[in-house]
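For reference, the structure is listed below as structure tokens.
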Amino acid sequence: MNFDDLIQGFPDLTTTGLAQGSIYALVALGYTLVYGVLRLINFAHSEVFMFGTFAALWTWGLMGYDSNSTRPDLGTALLLILVSLVVASLFSGGVAMVVEAVAYRPLRKRNAPPLVFLISAIGASFVLAELMGAFTERRQQGIPGLLPGEPLFSAGGWTVYPLQLMTFVVALAVMFGLDWFVSKTRFGRGIRAVAQDADTAALMGVNKGRVIALVFLLGGLLAGVAAVFYSMKQGNTRFNVGFLIGLKAFSAAVLGGIGNLRGALLGGLLLGLVESYGAALFGSNWTNVIAFVVLLVLLMFRPTGLLGESLGRARA
Amino acid sequence: MTTETVKKQRWKLNLRDRFQDLPKPARIAAMVVFVVLLYLLPTKAFYENLGFPIPIGSGYLPFYTTGSDMAGVLFQCGYYILLALGLNVVLGYAGLLDLGFFGFFAVGAYTVALLTSPESKLITEYNWLESPWPWLVTVPIAIALAMLSGVLLGWPTLRLRGDYLAIVTLGFAEIIRIVAKNQDWILNGDRGIPSVGHPPGTWPDGEAIFDLEFTPYYWLVLTVIIAVIFLIRNLANSRVGRAWVAIREDEDAAELMGVPTFKFKLWAFAIGAAIGGLSGSLWAGQANFVNSNTFSLENSILVLAAVLLGGAGSIGGAILGGFIVIYLPEWLRSVGDVFGWPTQVEIAGIHIDVSPTSLRFVIFGALLIVVMIYRPQGLWPNRRRAAELKDRQKEVAPVE
């Protein structure tokens, strides 16, 4: 226990925690969306995220920036990030839809029990991770530093780096966009209807298959966005990065109440903060244990999460 | 009319029914012959006397793995089969999805390592033990500790829904691995614990039976497997086994009928964990060295794949599955050596490792999906469970 580190580093720990939490929240939204509609833990979502990190890496590589290049100027950097955001989220979204079509849709047609879905998901997750592993020779790949490494501003002990601010702002913006999409648009109404009662929704003329595909696409898009920021923060990626991020994002989703969109945001940010403080308190070796312990304790006392589950009942 | 039904019945008789129809002495004799065959498997002379065509030079034999020591592969199959049998109790009988089953293996292995190694910190630093204990004494302790950790993990989590349970158990295995990796206090982190004790016994000429040669270990694990099979069979046919099946089919209904579901789920967890711990202690007895790298998540998934490919809820299935997941990649590798399967291909300047051992998780992942879609009951299914799945399929599936 090291309380001095916690108190002295509190502002820094808070900003890093929030930035990391935003990434968790974005991935957690993917779990929550699918869970809300299908009552299924999309195990392969972590690999969808991992594919996003590689899509970003390759995009930058094609545009002439790899881990050895010098830092570009701000305008170029923003352009690079924008392009990679588009490419990575489309790529991740595509992968997510393929997973749905190959691993889940045939099972839905056969009315398989939930366990069978989960196992098929684990299979899909392994295929994706190991294919990427074979393709990249299981090596860690460096990612170029794009945004300036100097603090953006600092006031009263609070230092904010450009990447942290950008991660947080983009995550919030995407989150509000999703919230609007689900609560206001025609497609969003379809999603909520299927989440509430799939069969009745189908009788009312909602195309269930299309809604489910859409939900996977949305989750994939968000994972792609998260992947870009994660790669920039981490500075490298590997074929097995998805596993830990996926587990933590899932924990975040459960923390906030799985199936609840706002819960995913809250849970993600909270988990990021808890992890950041916990790492200062117990040493950074134990960061990963903290997330699981939080999840375990929470499930024991409040299995429906902080904000309660359900995509259908809540307005969002 | 009557002849037709008789014919139809005869046609429906499959291998299992035919075997059941044999007189009892014949069945026992067949079993004994089969078991003797199993004991002979690792000896090369056995294959040569069977009259298989043996190409001179490459030393290739149809079932033999040339890429690695056959007895070693069989021993590995053995402890995976034990793990699969343990997970089969948890997943196949009681229907609880445990994704961190390898954690119990780790508990068993570490217990044996800590108590039998002269370099364990229990002896060198803390003086809790005078001298290392013999391997045989530590095995029951390893089993008991694994069982205890199963109960400790099950107590809070078994009240959760199935899919949450999966995540929590996954987290548990990860915690065990990280704890083993990070803490120096007793488990010695990545450096691990060397010179773990071997099982006891000497040949008539005074040489230790259990040393570097794999064959005695294979015989040991085979014997243990046979004992465990009897244990599980009797359990499954007892009141406990019936309670498990009731819980798997419908937990609420079972509870209403007076089955104390929580208690029996906890029992399933504990028994599964005990078998996992036993497997871990056997492995540690051979491996001589234990550190945190052995206990990655992939192993848990491999065991899961073994149970599900073979057929959850069926002992034969678990054995078949455990055998397939280890033996197949090794065998493919030696076939590859003989017939020239490339270990690497080059696509657009990128080298891709395509050896069967490297691609085995891709293959098993794909196999899991395909099996779940087309044969969710597994390759060697339990009849009752297959019927449950079929029932569900017949229920009106919502129109897409």
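Each reported figure results from applying straightforward, stated rules to the coordinates on display, with no laboratory input. All of these numbers come straight from a predicted model, not from anything done at the bench. Every residue, glycine among them, receives a Cβ derived from its backbone with ideal geometry; neighbour counts consider all protein chains shown.
Near B:Lys263, which aspartates and glutamates are there with a Cα under 18 Å away, not counting those fewer than 8 places off in the same chain?
Cross-link targets: B:Asp98, B:Glu249, B:Asp250, B:Glu251, B:Asp252, B:Glu255.
Please find the FRET efficiency linking B:Leu136 to B:Arg239, where r is the Cβ-Cβ separation and R0 is fixed at 41 Å, and quote it to the nearest 0.05.
0.80
Return the FRET efficiency for the residue pair B:Glu249, B:Ala29: r is the Cβ-Cβ distance, R0 is 51 Å, and the value is rounded to the nearest 0.05.
Computed FRET efficiency for B:Glu249 and B:Ala29 comes out at 0.90.
How crowded by other chains is B:95-103, given as the mean number of beta carbons from other chains within 10 Å of each beta carbon?
For this peptide, the per-residue mean of nearby foreign Cβ atoms is 1.
Grab the other residues whose beta carbon is less than 14 angstrom from that of A:Val293, score K and R as +1, D and E as -1, and report the net.
-1
Where nothing but the Cβ of Lys and Arg (+1) and of Asp and Glu (-1) is charged, how large is the charge dipole of the protein assembly as shown around its Cα centre, in debye to the nearest 20?
About 2900 debye.
If you add up the charges near B:Gly285, with Lys and Arg at +1 and Asp and Glu at -1, over every other residue whose beta carbon is less than 14 angstrom from its beta carbon, what do you get?
Result for the neighbourhood of B:Gly285: -2.
What is the set of long-range amide H partners of B:Leu96 at a cut-off below 5 Å, with H atoms built 1.01 Å from backbone N?
Amide H to amide H, under 5 Å and 5 or more residues apart or across chains, B:Leu96 pairs with B:Leu91.
Tell me which of A:Trp58, B:Gly100, A:Tyr31 sits at the most positive position along the dipole axis of the protein assembly as shown, charges placed on C-beta atoms (Lys, Arg +1; Asp, Glu -1).
A:Tyr31
Modelling each spin label as a point 7 Å along the Cα-to-Cβ direction, I'd like the A:Arg139/A:Ser183 distance in nm, to one decimal.
It works out to 4.9 nm between the two label points.
Grab the DSSP H runs of chain A that are 4 residues or longer, score each as -39,500 (n - 2.57), total them, divide by all residues and round the 222 nm result to the nearest 500 deg cm²/dmol.
Here the helix-only value at 222 nm equals -24000 deg cm²/dmol.
Going toward the positive end of the dipole of the protein assembly as shown, with +1 on Lys and Arg Cβ and -1 on Asp and Glu Cβ, which of B:Ile209, A:Gly149, A:Val297 do you reach last?
A:Val297
Using the Cα centre as the reference, give the magnitude of the dipole from point charges on the C-beta atoms of the range B:154-246 (Lys, Arg: +1; Asp, Glu: -1; all else neutral), rounded to the nearest 20 debye.
For the range B:154-246, the charge dipole is close to 820 debye.
From the phi of every residue in the range B:100-117, what ³J(HN,Hα) in whole Hz does the Karplus formula 6.51 cos²θ - 1.76 cosθ + 1.60 yield, where θ is phi - 60° and glycine or proline is x?
Computed from phi, the couplings for the range B:100-117 are x, 4, 5, x, 5, 4, 4, 4, x, 5, 5, 4, 4, 4, 5, 8, 9, 7 Hz.
Can you give the extra length, in nm with one decimal, that the chain gains between A:Gln196 and A:Ala173 once fully stretched, where that is 0.36 nm per residue apart less the Cα-Cα distance?
Once the chain is fully extended between A:Gln196 and A:Ala173, it gains 5.7 nm.
Which FRET efficiency value, to the nearest 0.05, is calculated for B:Arg191 and A:Ser67 with the Förster distance at 30 angstrom and r the Cβ-Cβ distance?
My answer for the efficiency is 0.45.
For the ranges B:195-208, B:24-37, what's the packing order if you count other beta-carbon atoms within 10 Å of each residue, average per peptide, and put the highest first?
Descending packing order for the listed peptides: B:195-208, B:24-37.
Using a 10 Å cut-off around each Cβ of peptide A:180-190, what is the average number of partner chain Cβ atoms that fall inside?
0
For peptide A:134-141, what's the mean number of Cβ atoms from other chains within 10 Å of each residue's Cβ?
Average per residue, whole number: 3.
Between B:Val345 and B:Arg18, what length comes free when the chain is fully extended (0.36 nm per residue of separation minus the Cα-Cα distance, one decimal in nm)?
In short, 113.0 nm is gained.
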